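The values are calculated or read from the model by the stated rules, or taken from the named source; none is laboratory data. As the structure is a computational prediction, the values presented were derived from the model and not from experiment. Note that each Cβ is placed from the backbone with ideal geometry, even for glycine, and that neighbours are counted across all protein chains shown. Keep in mind that these areas ignore ligands, DNA and RNA; they rest on the heavy atoms of the full protein, side chains included. Shrake-Rupley method; radii C 1.70, N 1.55, O 1.52, S 1.80 Å.
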Amino acid sequence: DTFFLPFNKGNEGRAGNPPRKDGEYPVAYFWEEICQPHAFLRIFHSFVYVEKKNVVDLKGNWSVKETLIFPRFHQFDAVNKMISDAKEKGPGFPYLCEHSAGSGKTSTIAWTAHDLVKLRRDDGTPIFDTVIIVTDRNVLDGQLQDAVQQIDHQKGLIAAIDRETSSKSKSEQLSEAMLKGTPIIVVTIQTFPFAMEAILTERSLRDRSFAVIIDEAHNSQTGNTASKLQATLALSAKRDMSEMTVEELLLEIQRSRKRPSNVSHFAFTATPKHSTMMLFGRPADVARPAADDNLPVSFHKYEMRQAIEEGFILDVLRGYVPYKTAFNLGIELVEEERVDGKAAKRALAKWMTLHPTNVTQKVQFIIEHFSKNVAHLLDGKAKAMVVTSSRAAAVRYKKAFDAFIDANPSYGNIRALVAFSGKLTGREVMHPNDELLLEDRFVIEEEAEFTESNMNPDAGGKDLRHVFDRPEYRVMLVANKFQTGFDQPKLVAMYIDKKIANAVEIVQTFSRLNRTFPGKDQTFIVDFINEPEVVRSAFAQYDSGARIEEVQDLNVIYDLKENLDEQRIYDETHVVAFRRAQFETATAIKGGSSPEAAHKAMFAATQEPTDTYNHRLSELRSRAGETEQAYQRAKAAGDEDGMKKADHERIQVETAIASLTDFKSGLGKFGRLYAYISQLVDLGDPDLEAYAAFSKLLANRLDGIPQSDIDLHGIALTGYQITPRETETEGPEVEPPLLEPVRGGGGGERPGTVPVYIQEIIERLNRLFGEATPIEDQVAFVNQVAAITRENPVVMAQIEKNTKDQAMKGNLPGAVQAAVVRAMSSHSALATLLLSKDRQALPVLEGVIYEILKRGEKLSLHDQ
C-alpha cells in the first residue's frame, strides 16, 4: 500500500525529471543513485517508518490508522544535502528549506533532527549536542514528536517542553532535559525565552553546540526572540559581566545578535518573506556557484507548482470565487461633526462587519452554499472553515449560525464550532443595531461573557482540532486561531469575510484547503472581501519559489534613528542615563541581587521624554478643538475667510499631530528593525544597542491621549445585497512579484490629516457600493486600464519626455479609451458607465492614468 511514485527530482519547478544529455531515460537516476546499496539501505535505516493517526468514522468510532511513510525525492534530497553540508562545515551556518505546503514538512523535520543528533566528527565527538525544534503552534505538534520517536525507538530521545503535560515549570523542564543530555527538545515560540534562561544559567551547557530547527521560519525568527536567543547562547560563554565596561557589554550583546558560531539554523517555510531570505538564505555564489549575482537564495526548494502537478496538494485557486457586498447607508444625525477621514472609514468598516444584517445574510448564504455544493462530498464528511475579521465577529457568526439552524431544522445536520483566544464581554460584541433582532436567542446582553469553552458546550473543553474531526461538526468559525497552521484534510470549502493583509497570510490561509483526501478533487473558496488580483498575485509570488531583487539596505536603521532624533522629544543625555541604568540592571541580575533600583533608574531616564511627548500631544489636541470651534463659528456667520483661516490652522495642527504619532510608531519600528538588521551584520556600535532598548521602553510609555470614538448611532443600513464579482475565470498569467526589503522612513502610514463630514463619508460609500461597485472593483478596473495603456510605447514615451499638459494632448486619451473598451469583458459595468452614461468622467480617468503611469505604481486603496 506504499505510495512510492512519483519519486521525481522535478523539472524546473514542475513535476517530472529533466531530460538527460546522454540519451538515457530521465528516470535513470533512480537505479543509478537511489537503488545503490548505500542509498537504499540508508532509506530503510533512517527514513522509513510507520505513522499512526487517530481517525473517526461517520458513526463517531475512533481507530488507529497506520501508514508506511516512505520519503519523496525532495525530502530524501534535502535531508542528505543539509546533513552533508553540516558535517563538512560544522555549526554556525543557515539552511533555508523553501518547501511547499503539503510537502511532508513534519517528516522532513523529523528526519533532519534524527540525523543531526547522530552527526559525528571523525574523532567521534558530536557536531551538535542538542537539537531544538521550534514550532509556531501553541499546542505542541504531537505528530512531529511521534514521527521522531517512530524513526528511532530510543528511550529519552525527545522531550517536549509543555505545561499541559507536566506539573513542572517550563524552565525546570528545560534545565532537566538539557542536563540529562536529551538529544531533541521541542519548544514553542512562547517557550523560547525559557530555553535562553536555561542555557544562560547552566555553566555545564556553555561549551555545547546547538542545531535549531524552525517550523515556519517567516513567523519564528525575524524578531527579538531569535536575536535574544542568539545573544544568550554567545554571552553564556563570555567572562563575568561584572568585569566588563558598559561599552564592552553592549558591544558583546550586539556582536552576539549576529548568528553565533555554535548555532546552526535549519529553517522550513513555504512562504518566506524578504527578511527570511536575508536571515537564512545562502548567498547565491555559494548556493548557486554559476549565478551572476550574490542575492541570498534558499538552500533547498520544493515548489508549490511541482507539489500540485505531482498530486500531493490541490490547486485551490481553481475553486476561487470572489463576491461583493453592496449596501446603502442612511443617516439621521442632528449635529454636523467633522472627523478624521481614515478613522471614520475604519469605524464604519467595523460597524458594517458586526452589523446584524450583514452577519445573518452571510450566514444564510454560507449555510445554503455549503448544503448545496459541499455537504455531500467525501461521502458526507466534507467540512468548511469561515474566516472572520475579529473575535467579536466570530462570536456573532456563531450566534447567527446557531439561530439559523434552530429556525431551519432541515439544516440540522450542519453543526459549527467557533475558535478564538481569550474571552469577550457582551459590550465588546454588541452593535448599535442589535435592537433590529427580535429573536430572543440572538440578543446579546451587555454583561454576558463569551469564551471558546462556553460557546462550544458539547466539546467538553477538548482541543477543537480533534473535536472538529468528529462527523457531526461540519463548519469551523475562526478568528486568527486555526486560520493558518491547521491541518484538516477533509476541509473542502472556505468562506472569507476578512481583509487579509499580505501575500504570506493569503497563501497560508487558503492553503488550509489544499490537503488531499480520498475522493477530494475540488475545493471552494468564497471570498466576500479581498481583491481577486491581490489573491492571484500572492499565489504567483510563491507558485515557483520566492525571489528577491535587492538585498536589505543596512543603513535603514540609521535613517530611521535620524528621523526620530529630529523630533527633539529626547536628547543624548537621556540615552546615556538609560545606558548606565541598563548596565547596572544586567549586573544586578547576574550577581543575584535585586534589580529594582536600576529598573527605576531606567524609567527615570525616559520620564522627561514621556512628559514632553504627552504634553505636546495634549496641547495640539486642545488647539484642534479650538480651530474646529472657530470654523463652526465662521460657518454660522457666513464668514468664508474665517473658514479658510480656521481650515489652514487645522491642517497645520493635524500635520503636527500626525508627526507625533509617526514618532511613536517609528520608535516601535526601530526596535523590530534593529533586532533584524543586527542579525545580518556586526554593527560594531554600542550606542545603537543602548538606543534600541531605550526606544523600546520609551515607545511603551507613550500612551498619549487616544482619539475620541466616532459616534455611529443614527446610521442605518437601508440596502444590502451579495452578488458575484465580474471577473475572468482564468485571466492572464500574473507576473510573480519580487520580495521587497524593509524601507527606511517613518513608523508607518500617517493618519488622515483632512477631517471630513461624517455625511460625506456615507455619501462616498453609497456612490461606491450602492448603485456602482465596491471600491476594490474600481481600483482593480483603473489598474487594468493603466496596465493596458502601459503597453503602448508611444504613449509611454510621450509621458516620459513631456509635461502633463503636453502628454494629455497626445496619444494618451485615445489609448485610455481603447483600454476601457478592452477592459469591458471583466469590468462591464464601469466601462459602460464611462463610455455611454458618463463620458464627462473620461478626462478625470485619463488624468488618474497619467499619474499612475508617471509614478510607475499601481493605484492603492490607500490613495482613496
**Request:** Within region 93-125, count every residue that is open to solvent by 20 Å² or more (accessible area, probe 1.4 Å), out of contact with any strand residue (DSSP E or B) (no Cβ under 7 Å at 6 or more places or on another chain) and more than 19 Å from residue 299 (Cα to Cα).
**Result:** 6
**Prompt:** Looking at 33, 24, 66, which is the one that is acidic (Asp, Glu) and modelled with pLDDT under 85?
**Reply:** 66
**Prompt:** Out of curiosity, is residue 562 at pLDDT 85 or above, over 23 Å from residue 397 (Cβ atoms) and of a type outside the set (Phe, Trp, Tyr)?
**Reply:** yes
**Fill in**
Counting only helices (runs of 4 or more DSSP H) entirely within region 82-182, those with at least 1 residues that are modelled with pLDDT of 90 or more are 105-118
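Taking the stated definitions as given, is residue 73 closer than 22 Å to residue 304 by Cα and at pLDDT 85 or above? Even if it seems obvious, please write down each step before you answer.
Numbers: closer than 22 Å to residue 304 by Cα: yes; at pLDDT 85 or above: yes.
So residue 73 passes the test.
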**Asked** Does region 800-813 contain at least one residue that is surrounded by fewer than 17 Cβ atoms within 10 Å (Cβ to Cβ), among the small types (Gly, Ala, Ser), modelled with pLDDT of 70 or more and more than 21 Å from residue 322 (Cβ to Cβ)?
**Response** yes
**Item:** Subset of region 344-362 [part of a helix (DSSP H, G or I), modelled with pLDDT under 85 and open to solvent by less than 30 Å² (accessible area, probe 1.4 Å)]
**Value:** 344, 347, 348, 351, 352, 356, 358
**Item:** Count - residues of region 65-81 that are open to solvent by less than 10 Å² (accessible area, probe 1.4 Å) and assigned to a loop (DSSP other than H, G, I, E, B)
**Value:** 1
**Item:** Tally, over region 363-403, of residues that are touching a residue at least 12 places away in the same chain (Cβ under 8 Å) and part of a loop (DSSP other than H, G, I, E, B)
**Value:** 7
**Message:** Given the criteria part of a helix (DSSP H, G or I), on the phi < 0 side of the Ramachandran plot, at pLDDT below 55 and open to solvent by 80 Å² or more (accessible area, probe 1.4 Å), does residue 750 qualify?
**Reply:** no
**Prompt:** Would a scan of region 604-612 turn up a residue that is open to solvent by less than 30 Å² (accessible area, probe 1.4 Å), of a type in the set (S, T, N, Q), modelled with pLDDT of 85 or more and within 17 Å of residue 694 (Cα to Cα)?
**Reply:** yes
**Fill in**
Result of the Cβ filter at 7 Å on region 404-424, keeping first residues that are farther than 17 Å from residue 493 by Cα and in contact (Cβ under 8 Å) with a residue 24 or more places away in the chain and partners that are open to solvent by 60 Å² or more (accessible area, probe 1.4 Å) and in a strand (DSSP E or B), at least 6 apart or interchain, is 423/449
**Request:** From the list 517, 524, pick out the single residue that is over 27 Å from residue 673 (Cβ atoms), at pLDDT 90 or above and over 23 Å from the mean Cα position of the chain (by Cα).
**Result:** 517
**Complete:** Considering region 504-548, residues that are among the aliphatic types (A, V, I, L, M) and not in a helix (DSSP H, G or I), and then whichever is surrounded by the fewest Cβ atoms within 10 Å (Cβ to Cβ), we arrive at 529
**Fill in**
Considering residues that are at pLDDT 75 or above, open to solvent by less than 20 Å² (accessible area, probe 1.4 Å) and either over 22 Å from residue 725 (Cα atoms) or not in a helix (DSSP H, G or I) (or both), the number found within region 816-844 is 1
**Request:** Identify the single condition in (1) under 33 Å from the mean Cα position of the chain (by Cα); (2) at pLDDT 70 or above; (3) open to solvent by 40 Å² or more (accessible area, probe 1.4 Å) that residue 211 does not satisfy, given that it satisfies every other one.
**Result:** (3)
**Message:** Suppose we filter region 504-530 for residues that are more than 18 Å from residue 367 (Cα to Cα) and among the aromatic types (Phe, Trp, Tyr); how many remain?
**Reply:** 2
**Request:** Scan region 488-499 and give yes if some residue there is farther than 30 Å from residue 783 by Cβ, without any contact (Cβ under 8 Å) to a residue 60 or more places away in the chain and either open to solvent by 50 Å² or more (accessible area, probe 1.4 Å) or in contact with a Phe, Trp or Tyr (Cβ under 9 Å, 6 or more places away or on another chain) (or both), otherwise no.
**Result:** yes
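Just checking, which of 458, 469, 463 is of a type in the set (Asp, Glu), more than 23 Å from residue 725 (Cβ to Cβ) and open to solvent by 60 Å² or more (accessible area, probe 1.4 Å)?
Details: 469 fails: open to solvent by 60 Å² or more (accessible area, probe 1.4 Å); 463 fails: open to solvent by 60 Å² or more (accessible area, probe 1.4 Å).
Exactly one residue qualifies, and that residue is 458.
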**Request:** For residue 412, indicate whether it is under 30 Å from residue 516 (Cα atoms), among the small types (Gly, Ala, Ser) and at pLDDT below 90.
**Result:** yes
